[in-house]
Amino acid sequence: MQHDLTSGDVALMGVPLDLHSSFLQGPAFAPGRIREALHSGAANLTAEDGTDLGATDRFKDTGDLDVFEMFGQEPIDRIEAGAAARIETGARVLSLGGDHSVAYPLIKAHADRYEGLNVLHIDSHPDLYDSQYMGPLGHGCPFARVMETGKVKRLVQVGIRTMNAHQQEQADKFGVEVIDMRNWRPDLEISFDGLVYLSLDLDALDPAFAPGVSHHEPGGLSTREVINLIHRFKGQLVGADIVELNPHRDPYGMTAMVAAKFVKEIGARLLTR
């Protein structure tokens, strides 16, 4: 591996893909903006549990995959290969999207290595469409593609508030466990038996907390609620992605800083458990 990854490392990986978006482009520029926020002089690299990502040589930035301005199957294949190469070193991969289409190849790469993988998906949208106008690899389709592999034990979705009839049929078909915002409680316990991959779409948050996304969906989670979820869900976290930051819509870099906060809290959990 070109970045000298070893078992127990956390590999930060940028995935600058956004041509699978159904509404706006922009998330391809997110990895760079999140890194800027992460290393900004306005903050530090210490997570809330005291883990300092800047004081360990086990948190390694492995750069961006070469998928910018690509469309269709080729970038999906490149993302899966890039993730798989890092996973094979024993490192845990924390990916920065990009639109949510990147979750399909990322989760597929993890499910191929980690048998019985569970997925925790935090989002305002279920992303279970069978297809969109750009085809079956659109950013509204990744969890249909993931569940079709048959390699994911449980998919639990939190924060959903846009479930239409087609996606409800898909959720029923695939046995997806949906915790929608109407039934969300901050003290809800989410527990997995075994290994967990976390896919975090920033539009899960209410637009008041994360305005820099393509799809503003009012009535969502607070930043604090998402942080608490990251800290408290039961299960061994083995990989994660943070997706759908759109810097074109992000006033003063506010949402990039929220994403950087999540990098710290997820990174700390990947390092310590």
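The values are calculated or read from the model by the stated rules, or taken from the named source; none is laboratory data. Everything numeric in this text was worked out from a predicted model, so none of it was measured. Using ideal geometry, Cβ is built from the backbone for each residue, glycine included, and neighbour counts are taken over all protein chains shown. Heads up: the accessible areas ignore ligands, DNA and RNA and are worked out on the full protein's heavy atoms, side chains in. Shrake-Rupley method; radii C 1.70, N 1.55, O 1.52, S 1.80 Å.
Observations, loosely collected:
- Candidates Ile179, Gly98, Gly150 compared by Cα position along the dipole of the chain: farthest toward the positive end lies Ile179, with charges placed on Cβ.
- The chain - accessible surface per residue (Å², probe 1.4 Å): 39 Å²
- Cut-off under 5 Å, modelled amide H: who pairs with Val119 long-range: Arg154, Leu155, Val156, Tyr197
- Subtracting the Cα-Cα distance of Glu177 and Thr149 from their residue separation scaled by 0.36 nm leaves 8.4 nm.
- Cα centroid separation, segment 227-273 to segment 130-202 (Å): 18 Å
- Residue-wise HN-Hα couplings along segment 58-63, as the Karplus relation 6.51 cos²θ - 1.76 cosθ + 1.60 with θ = phi - 60° gives them from phi, are 8, 9, 10, 8, 9, x Hz; Gly and Pro carry x.
- Förster radius 22 Å - calculated FRET efficiency between Asp66 and Ala43, Cβ distance, rounded to 0.05: 0.15
- Counted by Cβ distance under 12 Å from Ala144, the other residues give a net charge of -2, where Lys and Arg count +1 and Asp and Glu count -1.
- For segment 178-246: rounded, prolate or oblate by the Cα gyration tensor [a/c cutoff 1.5]: oblate
- Long hydrophobic helices in the chain, taken as whole DSSP H segments with a C-alpha length of 18 Å or more on their own axis and mean Kyte-Doolittle hydropathy at least 0.0: 254-272.
- Amide H contacts for Val213 (H built 1.01 Å from N in the peptide plane; partners 5 or more residues away or on another chain; cut-off under 5 Å): Asn246.
- Only helical runs count toward this figure. For the chain, summing -39,500 (n - 2.57) over DSSP H runs of n ≥ 4 and dividing by all residues gives -9000 deg cm²/dmol at 222 nm.
- Over the chain, relative contact order from alpha-carbon pairs under 8 Å, at least 6 apart, %: 24 percent
- Top of Gly140, Gly253, Gly239 by mean-square fluctuation, Gaussian network on the chain, Cα under 10 Å: Gly253
- Residue-span extension gain [Lys234 to Gln25] - 0.36 nm each, minus C-alpha spacing: 71.8 nm
- Of the solvent-accessible surface of the chain, computed with a 1.4 Å probe over protein heavy atoms with every protein chain present, carbon and sulfur atoms account for 50 percent.
- Proximity of backbone amide H atoms, modeled 1.01 Å from N, is registered between Val176 and no other residue at under 5 Å, excluding neighbours fewer than 5 places apart on the same chain.
- For the chain, share of DSSP beta bridges that run antiparallel, in % to the nearest 5: 5 percent
- With the highest mean first, a sort of the peptides 59-67, 11-19, 86-94, 229-237 on other beta-carbon atoms found within 10 angstrom per residue produces 11-19, 86-94, 59-67, 229-237.
- Within-11-Å neighbourhood charge of His121 [Cβ basis; K, R +1; D, E -1]: -4
- Label zone at Ser222 (point 7 Å along Cα-to-Cβ), backbone N below 11 Å, segment 157-192: 186
- For the pair Asp187 and Asp4, label points projected 7 Å from Cα toward Cβ lie 5.0 nm apart.
- Whole-Hz couplings from phi, Karplus 6.51/-1.76/1.60, listed for segment 135-147; x for Gly and Pro: x, x, 10, x, 6, x, 10, x, 7, 5, 5, 4, 6
- Overall form of the chain per C-alpha gyration tensor (a/c, 1.5; a/b vs b/c): rounded
- With an a/c value of 1.5 or above and a/b larger than b/c for the gyration tensor axes a ≥ b ≥ c computed over the alpha-carbon atoms, segment 2-155 is described as prolate.
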